[in-house]
1. Taking the range 29-57, which residues are more than 25 Å from VAL2 (Cα to Cα) and buried (at least 16 other Cβ atoms within 10 Å of the Cβ)?
2. Please count how many residues of the range 42-70 are among the small types (Gly, Ala, Ser) and outside any strand (DSSP E or B).
3. Which of the strands (runs of 3 or more DSSP E) contained wholly in the range 71-160 include at least 1 residues that are aliphatic (A, V, I, L, M) and touching a residue at least 40 places away in the same chain (Cβ under 8 Å)?
Amino acid sequence: MVQDPVGGLTVHMPNIATVQHENSIFFSVMTGTNMSVSVFANESVMYSNDSYIAGEEVVLGLVFKKIGIVQVMVRAHNQVSSTNSTSCCLVVQELYMVTIEQLQPPVIGEKIILIAKVNGHVWSNRNYLYIWNLHHNHTVHSGSPVVSLSFDNPGFHRVHVTVEDAVSSITAGVLLNVSALSAAPLLSHPAITAVRSPIQFWL
């Protein structure tokens with residue numbers, strides 16, 4: 001049997017994973033015929049496919065049961081060649097790290113959106129309480145990881161968020177540099193538009 005060599009293995013997985021929750025890993029092998037593909041986590045087989053087709057993207061949901069470093073290896077092979085990729089992932093407790101992401105540069109008088117990410121993810125199905133400490137000591141309590149706000153004065157403004165669950169909490173802050181004028185023209189649009197109707201934008 002003539003077989004094409006195995007090659008072009010690409011793996012994407014998070015550097016940080018949350019214990020006892022599903023964490024996604026993506027991989028694909030671009031070349032090769034009659035391939036078998038296996039995924040190992042600390043030498044335990046998590047996935048095996050003896051009829052993998054080149055170019056197919058596989059998405060796995062891995063659940064790690066213990067905190068610590070996990071070594072994940074993806075191996076693809078046939079009778080003439082093989083290739084593998086090994087990555088390390090830190091498995092952490094549910095509330096381990098929170099970061100604040102801003103979706104646009106802050107400008108006076110314009111709404112900006114901030115997103116709180118726990119362990120690198122935006123969680124919409126957790127019973128978390130997000131406590132946002134905004135400018136002028138304004139505090140917002142919410143079950144959503146997203147908050148919008150605006151500023152009246154230019155300069156540096158610090159925003160904090162604390163994320164709580166039933167047993168623990170974590171806090172993070174971000175320093176926003178609010179400018180007086182937008183660096184680029186902005187598009188405006190109506191606040192309310194009918195379903196399936198065209199939306200008009202203007203400068």
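Quick note: the coordinates plus some simple rules give every number you see, no bench work behind them. Nothing here was measured: the structure is a model prediction, and the numbers come from that model. In this analysis, Cβ positions are derived from the backbone assuming ideal geometry, glycine residues included, and neighbour counts consider all displayed protein chains.
1. Those that are more than 25 Å from VAL2 (Cα to Cα) and buried (at least 16 other Cβ atoms within 10 Å of the Cβ): VAL39, PHE40, ALA41, MET46.
2. 2
3. So the answer is 82-92, 98-102, 112-118.
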